[in-house]
Amino acid sequence: FYQVYALEAAEDNLNKSIDRSPNFIEAYILLSQVYSETNQMDKAIQALEKSVEINPNFFPNSYYFLGEMYMMKANYNRAAERFQSFIESGKGSKKNNDRAELGIRSCRFSKVAVANPVNFEPINCGPNVNTDRPEYYPCLTGDEQTLLFTRDLKNAQAMNGRHEDFFVAEKEGDSWGNIRNISEINTL
């Protein structure tokens with residue numbers, strides 16, 4: 001069911017498997033993935049934490065994924081602990097250990113940023129750029145005449161029913177001209 005993205009059926013069957021075999025560690029790991037993909041982060045964390053409780057050494061990457069999920073929930077202390085557990089497992093590649101280190105640094109920064117908020121008032125770039133969809137990671141060229149940004153798009157063919165594309169807009173006087181999807185680099 002998971003492979004064909006029938007997530008509701010996958011969740012149901014994984015829970016039935018866990019009911020029959022409460023220490024079925026692989027079921028907890030996959031159930032966490034199902035919950036993550038359906039934006040049920042608390043349940044995803046709970047399932048993955050249960051897998052770690054059953055056997056902390058079975059899938060050390062669980063610690064990294066828990067760090068990421070706790071970050072999403074703004075639980076920076078727990079996220080840093082889980083990233084550190086991943087590093088201490090000794091099972092990560094240099095690249096993944098570096099990512100966990102970055103996660104720990106991001107937790108430290110986030111705690112300071114939350115404790116010391118700054119005023120921030122986003123400015124709408126106008127109807128040629130902004131829509132009802134999430135738009136983020138804006139970047140201006142040095143001459144401030146070209147805007148590059150990411151937009152979250154609905155797409156029934158994509159795994160989560162959405163995907164992201166890069167867009168570009170050129171300055172036309174005091175406003176932004178029509179955006180252009182950078183199809184050369186966007187892939188589904």
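The values are calculated or read from the model by the stated rules, or taken from the named source; none is laboratory data. In this text, all values refer to a predicted model and were calculated from it rather than measured experimentally. When we count neighbours, we look across all protein chains shown, and the Cβ atoms used for this are built from the backbone with ideal geometry, even at glycine. The protein model used for the area step is the full one, side chains on, heavy atoms only, and it has no ligands, DNA or RNA in it. Shrake-Rupley method; radii C 1.70, N 1.55, O 1.52, S 1.80 Å.
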*When the accessible area of the chain is computed with all protein chains present and a 1.4 Å probe, what percentage of it is carbon and sulfur?*
51 percent
_Nothing charged except the Cβ atoms of Lys and Arg (+1) and of Asp and Glu (-1): what's the magnitude of the dipole of the chain about its Cα centre? Round to the nearest 20 debye._
660 debye
_Report the Rg/Rh value for region 76-188, based on alpha-carbon coordinates and the Kirkwood definition of Rh._
1.09
*What FRET efficiency do you get for residue 20 and residue 102 if R0 is 41 Å and r is their Cβ-Cβ distance, rounded to the nearest 0.05?*
0.55
*Of 140, 77, 5, which is farthest along the charge dipole of the chain in the positive direction, counting Lys and Arg as +1 and Asp and Glu as -1 at C-beta?*
77
*Give the calculated FRET efficiency between residue 152 and residue 116 to the nearest 0.05, with a Förster radius of 35 Å applied to their Cβ-Cβ distance.*
0.75
*Please give the per residue accessible area of the chain, computed with a probe of 1.4 Å over protein heavy atoms only, in Å².*
66 Å²
_Given the -39500 (n - 2.57) contribution per DSSP H run of 4+ residues, what per-residue ellipticity at 222 nm results for the chain, rounded to the nearest 500 deg cm²/dmol?_
-15500 deg cm²/dmol
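Show me the ranking of peptides 26-39, 46-59, 1-14 by mean Cβ neighbours inside 10 Å, starting with the highest.
Working: 26-39: 19.8, 46-59: 16.4, 1-14: 14.4.
Result, highest mean first: 26-39, 46-59, 1-14.
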*What is the P(r) of region 1-73, as percent of Cα-Cα pairs per 5 Å bin from 0?*
4, 18, 30, 24, 18, 6, 0
*Could you give the angle, 0 to 90 degrees to the nearest 10, between helix 41-54's Cα long axis and the longest principal axis of the Cα atoms of the chain?*
30 degrees
_As I understand it, the value is the acute angle between the Cα axis of helix 61-72 and the longest principal axis of the Cα atoms of the chain; what does it come to in degrees, rounded to 10?_
50 degrees
